[in-house]
1. If you take the square roots of the eigenvalues of the alpha-carbon gyration tensor of the range 127-215 and sort them as a ≥ b ≥ c, do you get rounded (a/c under 1.5), prolate (a/b over b/c) or oblate?
2. Please express the shape of the range 44-141 as an equivalent ellipsoid: the semi-axes are the square roots of 5 times the eigenvalues of the C-alpha gyration tensor, given largest first in whole angstrom.
3. Sorted from fewest to most neighbouring beta carbons within 10 Å, what does the list SER145, SER164, SER422 look like?
4. Can you give the local net charge around MET224? Use residues other than it whose beta-carbon is closer than 14 angstrom to its beta-carbon, Lys and Arg +1, Asp and Glu -1.
5. Defining a contact as two alpha carbons under 8 Å apart and six or more residues distant in sequence, what relative contact order in percent does the range 25-454 show?
6. Is the C-alpha gyration tensor of the range 75-231 telling us rounded, prolate or oblate? Criteria: a/c under 1.5 is rounded; beyond that, a/b larger than b/c is prolate, otherwise oblate.
7. What's the longest piece of the chain with no exposed GluC sites (Glu not before Pro), counting a site as exposed if DSSP puts it in a loop and it has at most 10 other beta carbons within 10 Å?
8. Using a simple charge model, +1 on the beta-carbon of Lys and Arg, -1 on the beta-carbon of Asp and Glu, nothing else, what dipole does the range 25-454 show about its Cα centre, in debye to the nearest 20?
Amino acid sequence: MKSNSPPQNTGSQDLPREPLQPPGFAEMLGFTLPLMMGLTTVAVHSIIDSIFVGRLGTAPLAALGMANLYYFTGVALWLGLMRNSITFTARAFGARESGRIGNIVAHYQWLALLGIPMLWAAARAFPLMGRLAGLTEEVGGLAQSYLDIRVWEAGFMLTLLLYSAFYQSTGNSRLPMLVNWGALTLNVLLDYMLIFGRLGAPNMGIQGAALATVLAQAAGAAAMLAMAYRHKIRVRYGLRLLVRPRWWMLRNIIVVGVPQGLGDLMELGGFLAFYAIVGRLGVVALAASNIGVQVTHLLFMPGRAVGIAAGAYMGRYLGAGAPGVAHTAARRMLLMGMTYMGLMGLPLWFLGAPIAMLFTTDVQVISQAALLFKLMALYQAFDGMGMIMRGALNGAGDTRFPVLATLLCKLGVMFPVAWWLSTSMEQRLLGAWLGASAYLVVLGLTLLLRFERGGWRNIRLDLGQAAGTEEA
């Protein structure tokens, strides 16, 4: 039977006009699988960096984990803003107003540019974070040298993310996947060359990992722009690199987008503060936590992809005036995502030690990481629930509640439980991570309840302003 849900490509047809039906699981998987594979490159990149840098020693491995978490905390607000563009572009696409999408994208591009100097300032403030986390002079110095180079990536990464969101909101998840895997392949080659000084490149150590990322992201952003500005795509969606900013349009975008960005900032900032607790447990605890985070990052990125897909479906169906179909689509995405995340807990439980051995030969680090993996296996499904429900709510324009829920759950659950158990249990690292686990379970259930109450059905976005065509 022919599907009459939103189209999955950027071809000539828009949404069909007959009554919409919820997408089937095969259709959802066809859209979500390339999105999963594309987002997985972020985690694969981090894992490969950690494997390479782990060969340099325990201190560089610990430094890489702290530096990466600090960097992504600093960029989180703008990452959330760029992802939030789906809220507007998907509604415009669903409402058959594709020609207005270019103006939305151009205004998000202005917001991305405004974030770059703030990220530079954040990188220079890392020594304060190092003191709060009790980092050794060696670990802190290595992390700072990595950040000084990695920060050059910000503009390229935000541009790549913005145009990936543009394609995803219109149903094309394959092109961003291909571009991201191409950038990852280049990154791996450059890691090998620059970290260890192979193939005639300089031996840069941990700084080589940062430079490899910058160059790979620059190539990915260039490839994405080249594809987006082909004549057919550019004309259909009214794409342009820059427009004269309309302050009322920026205001409308910020009202909806900043809460999502703050949610991402709060999520990563909370785990950065959590790492400060872990950092005080020693270099072994920090290195083991870095291994655990890198591996679970690989596993939950597909879950995050399902959340982004749920947001895209919500936006498109709400734009088409079908909230009931949007609700059904999001619930099906939740079932698919939680099933995947739950199954991914199995290798963590049974293969923790062999996985940790890929990163280090330090017996203590391997033992601690294997113990963490068993705990992480238990909360995978709830972590998926939280990501998918947050994506669905954001896609509907309900961006403020997830921020408030994240803040309250961190302050009321994660920090107090992690601090208490890390000081009272014999396995102090396990105690700290029990606090993080409790937080993920409570947050996932809270967001699910919010979604099922259905208040998002009453949210209206002013597409006439947020996506309006540039005045002559």
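1. The shape class here is oblate.
2. They are 37, 16, 9 Å, listed from largest to smallest.
3. Ascending Cβ contact count within 10 Å gives the list SER145, SER422, SER164.
4. Charge balance near MET224 sits at +3.
5. Across the range 25-454, relative contact order equals 23 percent.
6. On the way: a/c = 3.09, a/b = 1.62, b/c = 1.90.
Cα axes put the range 75-231 in the oblate bin.
7. The longest such stretch corresponds to 1-425.
8. On the way: 30 positive and 15 negative charges, 315 e Å.
With only Lys, Arg, Asp and Glu charged at Cβ, the dipole is about 1520 debye.
Rule-based calculations on the coordinates, nothing more; no lab input. Everything quoted here is computed from the prediction, not taken from an experiment. Please note: Cβ atoms are built from the backbone with ideal geometry, for glycine as well, and neighbour counts cover all protein chains shown.
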